[in-house]
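First up is the structure itself, then whatever we jot down about it.
The values are calculated or read from the model by the stated rules, or taken from the named source; none is laboratory data. This structure is a prediction, so every number in the text was calculated from the model and none was measured. Glycine also receives a Cβ, built like all others from the backbone with ideal geometry; neighbour counts cover every protein chain displayed. Keep in mind that these areas ignore ligands, DNA and RNA; they rest on the heavy atoms of the full protein, side chains included. Shrake-Rupley method; radii C 1.70, N 1.55, O 1.52, S 1.80 Å.
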Amino acid sequence: MSEVNVYLGHLDSARLPHDALRDWLDSEERTRCAAYGREILRRRFVAAHAALRLVLGRVLGRHPAEIIFRRNAWGRPEMPEGPAFNLSHAGPQALIAVSAQQAIGVDVELRERKMSREVYDAVTSAAEHRDTADAGDRLRLWVRKEAVLKALGLGLSFAPQAVTVGGHATDYKCWKSILIAEAGKLREFSLVDLALPHRLYGALAIHGAPKPGLTLNVQPLVI
């Protein structure tokens, strides 16, 4: 049976020894971390990326510092030998998704985040643009779209307006098929909302259709 595991962690936990965790990161991660102007943001970056390494290390039987990433042409970290994975964090919360078989994308946002109508109009497809969504609907739609774009793995080179995920009601059980025209080919992704605590919106996307018997496990990250 195939499965996708999603871990929710709190980045401000006192159990995270941030100074020690910094040593797990590679030079690219440390450079990105240093670019943040506020100490709380640097600490959360370290915690999130160290947590990702911890999860992958448990899957592969390695120390977190031994995890080596290869970054694709758009900067997405990958592991050629697997598994597929993705990380998202918002405020003090982080989501880590891991799959042994399919490219994956995950996104999380605090429900308190404000997404203006102007930004919404700039990232929505023609079909979505016709929606008269309230602020919560707009943010939920963006979380879904971001998850699909992260599964696609092309970064900002691919226009968000070219993806339609829809503003349908929250559905934690049914996968929705999303088709994307990219490089002259039609690619299929599957999208599902995540049931998360702490007033969070979350969504997960995988490349292709869910395999028979696929299970989705959402669980707290245990340090």
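Quick notes on this one:
- Residue ID - least open to solvent (accessible area, probe 1.4 Å), chosen from residues in the stretch 159-179 that are in a strand (DSSP E or B) and hydrophobic (A, V, I, L, M, F, W, C): ILE178
- Each residue in the stretch 180-204 was checked for being farther than 17 Å from THR215 by Cβ and surrounded by fewer than 21 Cβ atoms within 10 Å (Cβ to Cβ), and 14 pass.
- Looking only at the stretch 69-122, residues that are touching a residue at least 60 places away in the same chain (Cβ under 8 Å) and of a type in the set (Phe, Trp, Tyr) come to 1 in all.
- Number of the condition not met by TYR36 [criteria: (1) surrounded by fewer than 19 Cβ atoms within 10 Å (Cβ to Cβ); (2) assigned to a strand (DSSP E or B)]: (2)
- In the stretch 4-33, the residues that are more than 29 Å from ILE206 (Cβ to Cβ) and β-branched (Val, Ile, Thr): THR31
- Checking each residue of the stretch 57-80 against the condition of being part of a strand (DSSP E or B) and more than 30 Å from PHE158 (Cα to Cα) gives no match.
- Sub-8 Å Cβ pairs linking a first residue in the stretch 180-205 that is without any contact (Cβ under 8 Å) to a residue 12 or more places away in the chain to a second residue that is part of a strand (DSSP E or B) and open to solvent by 60 Å² or more (accessible area, probe 1.4 Å), at least 6 apart or interchain, are LEU186/LEU179, ordered by first then second residue.
- Filter result for LEU152 (buried (at least 21 other Cβ atoms within 10 Å of the Cβ) and either touching a residue at least 12 places away in the same chain (Cβ under 8 Å) or of a type in the set (A, V, I, L, M) (or both)): yes
- Of the set (1) at pLDDT below 90; (2) assigned to a loop (DSSP other than H, G, I, E, B), all apply to ALA127 but (2).
- Tally of residues being part of a loop (DSSP other than H, G, I, E, B) and either at negative phi or aromatic (Phe, Trp, Tyr) (or both) across the stretch 81-99: 3
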